[in-house]
Every structure is written in structure tokens, then in C-alpha cells.
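One structure is given below, encoded as C-alpha cells.
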Amino acid sequence: MRVPRLPVPGGDRRAAREHDEIVNLIGHLHSARREGDVDRMASVALEITTVLGPHTQVEKHGLFPALAGDFPDRIAALEAEHRRIELVHKLTAPLPQAEHRHWDGIGR
């Protein structure tokens, strides 16, 4: 089966770059956590949401509908993952940047 191209010129390459960027940022987030650098953790988390917002919308409205017929279970799992990402974004987006100082100790 041929995988459909994204409905944006260069969208396939952009999506792959964004996936790589997100993985790289998650690595930075882990490093900052190991070092106990809460300010850097907050900064990287904001970078991740900046990439994820538009990226998930392209997948949600372009790629997923095109693939749902051929891969219903996989697309359903990805859509559920996106709902979790969107929930986290909604819960954290209203926080002023200075509020991240209160996150110190979370997950330790």
C-alpha cells in the first residue's frame, strides 16, 4: 500500500524533521531533569509544545483521515495519544512562565 502524501508541499519532510526535533527536545528535557535544572525543564517543555501544537493539527486533519481506512487500530491509538497531548497542553498553557518554579520536585 502506498502511504498518502501530506496535503502540504514538503509536508512529509517537515513532519519527519518535527518528529526528530521533538525526540531531540525530549532528550534535553531528560538531561535538564537529571541536572535538577527546573528553569531549563520549563523552557524545553515550552519548546516541545511549540512544535507539537501545529504538528499534531497537521496529522489530525491531514494524515490520520487519509490512513484511517487502511489502519483503523493504529490511527485510533495515535488519535488517543493526540488527545492526551492536547489535554496536557490545555492544562499547562494558561500557566504564566514564572509558575514553572512551583514544578520543582514533581516526578522525583
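Counting only residues that are assigned to a helix (DSSP H, G or I) and surrounded by 13 or more Cβ atoms within 10 Å (Cβ to Cβ), the stretch 27-45 holds 12 of them. When residue 69 is tested against the conditions (1) within 19 Å of residue 22 (Cβ to Cβ); (2) out of contact with any helix residue (DSSP H, G or I) (no Cβ under 7 Å at 6 or more places or on another chain), the lone failure is (1).
Taking residue 12 as the residue in question, decide whether it is surrounded by fewer than 17 Cβ atoms within 10 Å (Cβ to Cβ), of a type in the set (Asp, Glu), at pLDDT below 85 and part of a helix (DSSP H, G or I). The answer is yes for residue 12. Does residue 61 qualify as being in a helix (DSSP H, G or I) and touching a residue at least 12 places away in the same chain (Cβ under 8 Å)? When the stated conditions are applied, residue 61 does not pass them. Among the conditions (1) at pLDDT 80 or above; (2) surrounded by 13 or more Cβ atoms within 10 Å (Cβ to Cβ); (3) under 16 Å from residue 81 (Cβ atoms), residue 53 misses just one, which is (1). Scanning the stretch 40-87 for residues that are under 16 Å from residue 15 (Cβ atoms), of a type outside the set (D, E, K, R) and under 11 Å from the mean Cα position of the chain (by Cα) yields a total of 11.
The values are calculated or read from the model by the stated rules, or taken from the named source; none is laboratory data. From a predicted model like this one, the values you see are computed outputs, not experimental measurements. Neighbour counts are summed over all protein chains in view; Cβ atoms, including those assigned to glycine, are modelled from backbone coordinates with ideal geometry.
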